[in-house]
Amino acid sequence: MIPMSIQLPKEVTRVWELPVPILKEGNLIRAYLTDGISAPFDYNELCYALESATIDDTVRLYINTPGGDLDAANMIVDAISNSPATIIAHLSGTVASAGTMITMACDDIVVAANTDFMIHTYSSMMGGKGQELEARQSHVNKAIKQLMTDYYAGFLTSRELTKVINGTDMWFDRNEVLRRWELRKAHLQEAANA
């Protein structure tokens with residue numbers, strides 16, 4: 001059951017000022033990721049809504065973001081993966097970095113005409129003692145390689161994936177996103193049948 005706090009309001013409200021506006025009308029939930037992906041706590045309500053949705057619900061996730069915090073993106077991806085609802089990403093404007101990871105977790109996509117879609121490796125800043133930094137960086141490099149492989153399987157070729165992990169930014173227009181989405185769906189179906 002979706003909490004009352006995200007039911008479509010019957011009176012004037014400031015829902016559009018929330019980090020992620022969420023509206024529910026019957027079996028349709030609309031959520032808007034239209035800013036940089038910030039700290040995970042900004043997505044608690046979204047994740048609750050996704051995981052509390054039913055198999056009869058459809059979630060339309062509107063994504064227009066330059067990307068952002070990897071921990072928050074992973075939290076949203078986990079909530080999408082755990083949701084029984086059908087999740088459709090509506091892409092417009094720039095969908096980059098963490099926004100592309102969230103897109104990959106959705107069941108289907110709708111791509112606006114002038115969408116720019118950018119995949120790249122992470123950016124980060126760390127502080128601490130030398131040995132701590134070295135251990136953390138070693139862990140992050142392995143974790144990111146696996147994460148990128150999991151998220152972009154079937155969408156990027158293995159050669160492209162290696163280039164991205166090594167620092168290349170890859171930009172795609174609407175038609176290329178749609179073409180690659182079909183390849184990804186086929187790849188995931190083949191993996192499920194194996």
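The values are calculated or read from the model by the stated rules, or taken from the named source; none is laboratory data. All values reported here derive from a predicted model rather than from experimental measurement. Methodologically, a virtual Cβ is constructed for each residue, glycine included, from the backbone with ideal geometry; neighbour enumeration extends over all protein chains shown. For the accessible areas, the whole protein counts, side chains as well, though only heavy atoms, and no ligand, DNA or RNA atoms are used. Shrake-Rupley method; radii C 1.70, N 1.55, O 1.52, S 1.80 Å.
A few points about this structure:
- Within the set 192, 113, the sole residue that is assigned to a loop (DSSP other than H, G, I, E, B) and open to solvent by 50 Å² or more (accessible area, probe 1.4 Å) turns out to be 113.
- Search result, residues across segment 134-159 that are assigned to a helix (DSSP H, G or I), among the hydrophobic types (A, V, I, L, M, F, W, C) and open to solvent by less than 50 Å² (accessible area, probe 1.4 Å): 140, 143, 144, 147, 148
- Test: residue in segment 171-180 that is in a helix (DSSP H, G or I), touching a residue at least 12 places away in the same chain (Cβ under 8 Å) and open to solvent by 60 Å² or more (accessible area, probe 1.4 Å): yes
- Residue 162 in contact (Cβ under 8 Å) with a residue 24 or more places away in the chain, β-branched (Val, Ile, Thr) and either open to solvent by 60 Å² or more (accessible area, probe 1.4 Å) or in a strand (DSSP E or B) (or both): no
- Identity of the residue in segment 76-89, of a type outside the set (A, V, I, L, M) and surrounded by fewer than 21 Cβ atoms within 10 Å (Cβ to Cβ), that ends up farthest from residue 48 (Cα to Cα): 86
- Take the conditions (1) open to solvent by 60 Å² or more (accessible area, probe 1.4 Å); (2) part of a helix (DSSP H, G or I); (3) farther than 17 Å from residue 107 by Cα; residue 183 misses just one of them, which is (3).
- Filter result for residue 96 (in contact with a Pro (Cβ under 7 Å, 6 or more places away or on another chain) and farther than 19 Å from residue 50 by Cα): yes
- The number of residues in segment 118-133 that are part of a loop (DSSP other than H, G, I, E, B) and open to solvent by 60 Å² or more (accessible area, probe 1.4 Å) comes to 7.
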